[in-house]
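> Below is one structure. I have some questions about it.
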Amino acid sequence: MLRSVTLRSKILILISVPLILELGLLGTVAYLQNQAEDEAKRAEYSRRIADEVIDLTRDFVSVKVYFGEEDSLEPNPNLGLEYKKLADSIDRHFENLKVLTEDKPELSKSLNSALDSLRQTQQLLKETRRHYRASLHHGAVDRLALWAKLRKVSIRLSNEMLNLGDAGKAVADASPENQRRFREQVQLVLICGGVANILLTLLLGNILARSIANRLMTVNDNSVRLALDRPLNQPVSGNDEIAHLDKVFHKMADQLREASRREKAILENASDCICSFDSGLKFISANPSCEDFFALTPEQIISTYLLDYLSHEDNEKAIVFINKIKQGLTPNALPIAINRADGEVREVLWSAQQAPQEEKQDQGEIFSIFHDVTELRTAERLKQEVVAMVTHDLRTPLTTVRNYLQFLSDGLYGDPGEKAKQYLPGAQRSSERMMRLIGDLLDIEKINSNMMDLNRNKVSVQKAFENIIEQSASFAYELGVKLKSEVTDLFVDADQEMLLRILANLVSNATKFSPKDGTVTLSAKSSDQVVTLTVANQGHGLAPDQLERIFDRFQQAPNQTARTSGGSGLGLAICKALVILHGGKIWAEADPSHGTQFHFEMPRADED
């Protein structure tokens, strides 16, 4: 039943039940305490009645001694001042008794009867004094009847006062016993209630602790089973937080198993070699694809060392690479060559990431991926050979053809005829275009092969703008385009020839795609340690999907016209390569109403 209650409710029950019992115990003790206080009040009340009765009795005895006997007539023939004092004292005590007994009908009735007897006694005392005084003047008077009546009334008054005193005394005598009984009851309630409260708390605590501990042990055992890849226990019953935790744990375990299954499927079917090393580059695990990289089964690879499969040069690179990984850095993939067990060499890109241990951050497991680039490297070498063949083997004959066409155009071999003159300019342009294409290809390969050196100097941006405008003026004039630059006093740290080539390509491109009477503007602005140079035209602008691809090789703007055609498609690619070589970046922005703006960054040089 308790398992359907939430853990919070169980704890509240454990706290509430002893508190409720404690409140009941306090209520019982308070009740008994009130009873004891009431009993003490009754004892005090009885004591006050007894005190008043005693005082009355004392006054009655005084009255009887001094005024109530036959021999008291002669010394006290009149009820004088002394009697008045006693009478006033008696009246005062009776008034006090009236106040004390006004809510006690029986005692009040007895008090009224005693008061009547008192009044009769006082009247008889007065009559006896009057008869005594009369006998002194008229001779003997019979007073025996009066004294008998006075004696009878006095006896009755004494009895009534004794009854009042006995009633108060009985209550006063019973009060200590009653108070003792109440104290014993309070002690008994406190002891029994305290013991019951402790036992109930222990019982509820034991039930709750067993319920929580047993199910937490089940959850803990499930965590051990999950770590050992063993089946989990049955789900914990109930609807409380522990049951919910166990359900979430089972769900998490199912998801982990599913993720592990997917991971295993990915590892087993991946074409890359995915493996892990310890801090000494000893293999800990390897997926099946590693067999293609090392010509060994995964079982044979494990416990061997990666450095055993590398050349001496690659060993040094690998050690530097892995030290960067241990330092928490993320270096680029390292190109290395793996010497397979069968003697074949595989060129790969090695990427790695470390999972550091808590105690020793540099000794965690290193997860690695080897990507086979053997075919890619072979294709690149073939491409380089083709480019070398094109650039070297074709340049010489093309130079000869270009010179021969120039000779024909100059008439060194006589008049070639009208028809030859008509086709010679086109042949010359084609030969020039082929020469530029070969030159561009050779430059790109030099840049990609890190064979192009930079001759950095402090270059004035304003002078670079002026040189480019001067070089491109005739070409712009033929197309009806104006060239202008915004005045700037900035300097860049760059290779001057390469900077001029970047600007020349961008200005040529912007001029070709500007409308007639359009303007190409060169400007520069500085931000931090970078100078951003901009070449902008007033054409129709590039489409958004062309802004990134325009810098790729052999990419040209669509909808070419006779005015804009004729380029090799390598100008912007060369610009990008040269900018990156300087450590900058290049990008394009287009606006249909304002044309296209090409921006590139160069490091700023400090002014002298």
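> Pull out all pairs, ordered by first then second residue, where Cβ-Cβ is under 6 Å, the residues are six or more apart or on different chains, the first lies in the stretch 213-239 and is closer than 15 Å to Lys251 by Cα, and the second is assigned to a loop (DSSP other than H, G, I, E, B) and among the hydroxyl-bearing types (Ser, Thr, Tyr).
none
> Which count do you get for residues in the stretch 398-418 that are open to solvent by less than 70 Å² (accessible area, probe 1.4 Å) and either assigned to a loop (DSSP other than H, G, I, E, B) or free of Cβ contacts under 8 Å to residues at least 24 places away in the same chain (or both)?
7
> Here is a follow-up. Do any residues in the stretch 451-472 that are aliphatic (A, V, I, L, M) have Cβ atoms under 6 Å from those of residues that are open to solvent by 60 Å² or more (accessible area, probe 1.4 Å), where the two are at least six apart or on different chains, and which pairs are they?
As it stands, the answer is Met452/Lys446; Val459/Gln496, since those pairs meet every condition given.
> To continue, here is another question. In the stretch 585-606, is there at least one residue being under 16 Å from Val461 (Cβ atoms) and modelled with pLDDT under 85?
Yes, because at least one residue in the stretch 585-606 is under 16 Å from Val461 (Cβ atoms) and modelled with pLDDT under 85.
> Next question, about the same structure. Only one of these conditions is not met by Ser351: (1) in a loop (DSSP other than H, G, I, E, B); (2) at pLDDT 90 or above. Which number is it?
It fails just one condition, (1).
> Another question, then. Can you pull out the strands (runs of 3 or more DSSP E) entirely within the stretch 419-510 that have at least 3 residues that are touching a strand residue (DSSP E or B) at 6+ places or on another chain (Cβ under 8 Å), at pLDDT 85 or above and open to solvent by 30 Å² or more (accessible area, probe 1.4 Å)?
Values: elements: 456-460, 482-485, 491-495.
Because the criterion is at least 3 residues that are touching a strand residue (DSSP E or B) at 6+ places or on another chain (Cβ under 8 Å), at pLDDT 85 or above and open to solvent by 30 Å² or more (accessible area, probe 1.4 Å), the strands (runs of 3 or more DSSP E) in the stretch 419-510 that meet it are 456-460, 482-485.
> Those residues that are small (Gly, Ala, Ser) and modelled with pLDDT of 75 or more, I need them from the stretch 373-408; list them, please. So that I can check it myself, show each step before the final result.
Step one: list which residues in the stretch 373-408 are small (Gly, Ala, Ser), which gives 379, 388.
Answer for the stretch 373-408, where residues must be small (Gly, Ala, Ser) and modelled with pLDDT of 75 or more: just Ala379.
> Still on this structure: Of the numbered conditions (1) surrounded by 14 or more Cβ atoms within 10 Å (Cβ to Cβ); (2) more than 38 Å from the chain's Cα centre (by Cα), Tyr305 fails exactly one; give the number of that condition.
Evaluating Tyr305 over (1) surrounded by 14 or more Cβ atoms within 10 Å (Cβ to Cβ); (2) more than 38 Å from the chain's Cα centre (by Cα) leaves (1) as the failure.
> The conditions are (1) in contact with a Pro (Cβ under 9 Å, 6 or more places away or on another chain); (2) loosely packed, with under 14 Cβ neighbours inside 10 Å; (3) assigned to a loop (DSSP other than H, G, I, E, B), and Pro288 fails exactly one of them. Which is it?
That leaves (2) as the condition not met.
> Do we have Ile301 as among the aliphatic types (A, V, I, L, M), modelled with pLDDT of 90 or more and either over 28 Å from Leu228 (Cβ atoms) or out of contact with any helix residue (DSSP H, G or I) (no Cβ under 7 Å at 6 or more places or on another chain) (or both) here? I'd like the intermediate steps shown before the answer.
Working: among the aliphatic types (A, V, I, L, M): yes; modelled with pLDDT of 90 or more: yes; either over 28 Å from Leu228 (Cβ atoms) or out of contact with any helix residue (DSSP H, G or I) (no Cβ under 7 Å at 6 or more places or on another chain) (or both): no.
Considered against the rule, which asks whether it is among the aliphatic types (A, V, I, L, M), modelled with pLDDT of 90 or more and either over 28 Å from Leu228 (Cβ atoms) or out of contact with any helix residue (DSSP H, G or I) (no Cβ under 7 Å at 6 or more places or on another chain) (or both), Ile301 comes out as no.
> May I pose another question? For Leu2, indicate whether it is open to solvent by 50 Å² or more (accessible area, probe 1.4 Å), modelled with pLDDT under 70 and farther than 30 Å from Thr121 by Cβ. Even if it seems obvious, please write down each step before you answer.
Values: open to solvent by 50 Å² or more (accessible area, probe 1.4 Å): yes; modelled with pLDDT under 70: yes; farther than 30 Å from Thr121 by Cβ: yes.
Yes.
> Can you tell me which residue within the stretch 511-526, out of those that are part of a loop (DSSP other than H, G, I, E, B) and small (Gly, Ala, Ser), is surrounded by the fewest Cβ atoms within 10 Å (Cβ to Cβ)? Outline the logic, then answer.
So the first thing to find is which residues in the stretch 511-526 are part of a loop (DSSP other than H, G, I, E, B), and the list is 513-518.
Then keep just the ones that are small (Gly, Ala, Ser); that gives 514, 518.
Values: Ser514: 26, Gly518: 18.
Ranking the qualifying residues of the stretch 511-526, first place goes to Gly518.
> When the stretch 226-269 is examined, which residues are found to be open to solvent by 80 Å² or more (accessible area, probe 1.4 Å), in a helix (DSSP H, G or I), of a type in the set (A, V, I, L, M) and within 26 Å of Pro288 (Cα to Cα)?
Within the stretch 226-269, Ala227, Leu256, Ile266 meet the criteria.
So that you can scan it fast, the table gives a plain yes or no per residue for (1) more than 19 Å from Asp440 (Cα to Cα); (2) of a type outside the set (S, T, N, Q); (3) touching a residue at least 60 places away in the same chain (Cβ under 8 Å):
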site: Gln496; (1), (2), (3): no, no, no
site: Val507; (1), (2), (3): no, yes, no
site: Pro515; (1), (2), (3): yes, yes, no
site: Leu542; (1), (2), (3): yes, yes, no
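The values are calculated or read from the model by the stated rules, or taken from the named source; none is laboratory data. Bear in mind that the values here come from a model prediction, so they are computed numbers and not experimental data. Backbone-built Cβ (ideal geometry, glycine too); neighbour counts: all protein chains shown. Only protein heavy atoms, including side chains, enter the accessible area calculation; ligands, DNA and RNA are left aside. Shrake-Rupley method; radii C 1.70, N 1.55, O 1.52, S 1.80 Å.
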